[in-house]
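Here the structure is laid out as structure tokens; the discussion comes afterwards.
The values are calculated or read from the model by the stated rules, or taken from the named source; none is laboratory data. Keep in mind the model is a prediction, meaning the values are calculated, not measured. So basically every Cβ, Gly included, is an ideal-geometry build from the backbone, and we count neighbours across all protein chains shown. All accessible areas refer to the heavy atoms of the entire protein, side chains included, with ligands and DNA or RNA removed. Shrake-Rupley method; radii C 1.70, N 1.55, O 1.52, S 1.80 Å.
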Amino acid sequence: LGPGIPDRETLQRITNDYSRDVATIFLVERLSGLPSNQEFTDAYYRQLSLVTSGALAPSERTPLQSDVVFLFVPGWYWKDKSYDAAMKVPQQFLSKFGYQTELLSTGDQASVSANAAMVANRLSELRNEGQAVVLVSVSKGSAEVALALGQLLSWDESQHVLAWVNINGGLRGAPVADEMLRWRRSLFTRLSLCLVYHDRGTGLVSMRTRRRRAAFAALRLPPHVQVVNLAAVPLSGHTHRRMLAYNRLLDKYGPHDGTLLIVDQLVDGAPTISELGFDHFFFDPLVGEKAVALVRVLEERISTPAVPQWAPMPLD
């Protein structure tokens, strides 16, 4: 095996020859071995130690607390209160520490393209209001952010976006969408979504891997945006019981978090924090503290958190 991060074909081969766990351990080893990931992860855990120990006072002023909005872009079915797809706990912790947060109320059953237009529109509004932005997205919401930043907005129109935290990002689609929409399962899947959730399946269809991989490959993400990947990386015994039905369908593809392939979540070249032991739902009792720690690391790396100077965009 050559150096660097293995591609999905290599990981699939290791999985089929040995096991998904062997492929996962190999991937984590390669990710953690990159100097940029080591440096960022070490800084992250230093900050987490300060947060959990109470060494950081919520009243302490920091650069990103002024004229910066943390815009949260939720995932598919984020209105389902059985898990935190709307990232409510991280928002609460950031607010407690003095950061300004906002949840973008995207359609929880809508397509990637429809929600991406909402992201682009809100970013334009915040630009006209003179506010800088740090984007925080999860799962399908990351595909929507990527489309907004890499296609719908020009680089000049996104100059006020300082950073993007990509959590378990569905950037290149979800193999579970491919599996559930195969012809043998498609009718059952669509009927179930319609009867249980009154969902026409638009969001699920838009997450097919062939479509999302082609779309992501064509994007030109703005270089001025500091991107950070945070990926939950479970071994086979870490998958939550509500995802066990998907393991049989997805294990043949390689390391996954119960819904997405790990390598398909990552923005290439961006520092990556691997959260070993958690699946796609990221049921972590320290998720709020970890949000604050990650923001503190961003503050160390964003050279100028002041609001950039720009002319207001004309409104349609």
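Observations, loosely collected:
- Distance from the stretch 4-57 to the stretch 100-165 (C-alpha centre basis), Å: 27
- Converting phi to 3J(HN,Hα) with the Karplus coefficients 6.51, -1.76 and 1.60 and the offset θ = phi - 60°, the stretch 182-198 yields 5, 4, 6, 10, 4, 5, 5, 4, 5, 5, 5, 4, 5, 6, 8, 10, 6 Hz in sequence order, with x at every glycine or proline.
- Between the stretch 216-237 and the stretch 247-267, the alpha-carbon center distance in angstrom: 14
- For the chain, the longest principal axis of the Cα atoms and the long axis of helix 20-33 meet at an angle of about 30 degrees.
- Reach of K81 by Cα under 29 Å, taken over lysines that are not fewer than 8 positions away in the same chain: K96, K140, K290
- Subtracting the Cα-Cα distance of Q65 and K96 from 0.36 nm times their residue separation leaves 10.0 nm of extension gain.
- Amide hydrogen proximity for E275: with H placed 1.01 Å from N in the peptide plane, the residues at 5 or more positions away or on another chain lying under 5 Å are A231, A232, V233.
- Along the stretch 206-214 the Karplus relation, 6.51 cos²θ - 1.76 cosθ + 1.60 evaluated at θ = phi - 60°, assigns HN-Hα couplings of 6, 9, 4, 5, 4, 5, 6, 5, 5 Hz to successive residues, with x for each Gly and Pro.
- Carbon plus sulfur fraction of accessible area for the stretch 223-270, probe 1.4 Å, in percent: 52
- Gain upon complete extension [D7, R208; 0.36 nm per residue less C-alpha separation]: 70.5 nm
- Taking a straight Cα-Cα cut-off under 14 Å and skipping sequence neighbours fewer than 8 places away in the same chain, the aspartates and glutamates within cross-link reach of K79 are D108, D199.
- Counted residue by residue at 0.36 nm each, then reduced by the alpha carbon distance between them, the extension gain from H240 to H198 reaches 12.6 nm.
- Over the stretch 109-261, the fraction of Cα-Cα pairs per 10 Å bin, rounded to whole percents and listed from the shortest bin up, is 11, 36, 32, 17, 4, 0.
- Rounded to 5, the percent of DSSP beta bridges in the chain classed as antiparallel: 5
- 3J(HN,Hα) along the stretch 136-144: 10, 10, 9, 6, 4, x, 5, 5, 6 Hz, from the Karplus curve 6.51 cos²θ - 1.76 cosθ + 1.60 with θ = phi - 60°, whole Hz, x for Gly and Pro.
- For the chain, the solvent-accessible area works out to 46 Å² per residue, with a probe of 1.4 Å and every protein chain left in place.
- Residue ranges 38-44, 145-151 sort as 145-151, 38-44 when ordered by packing (mean number of other C-beta atoms within 10 Å per residue, highest first).
- Rounded to the nearest 20 debye, the dipole magnitude of the chain is 1080 debye, with +1 charges on Lys and Arg beta carbons, -1 on Asp and Glu beta carbons, and the Cα centre as origin.
- Rg over Rh, two decimals, the stretch 1-78 (C-alpha only, Kirkwood Rh): 1.15
- Loop-located trypsin sites (Lys or Arg not before Pro) in the stretch 175-212 (DSSP state not H, G, I, E or B) with no more than 11 neighbouring Cβ atoms inside 10 Å: R182.
- To put it simply, the accessible area of the stretch 42-136 at a 1.4 Å probe is 52 percent carbon and sulfur.
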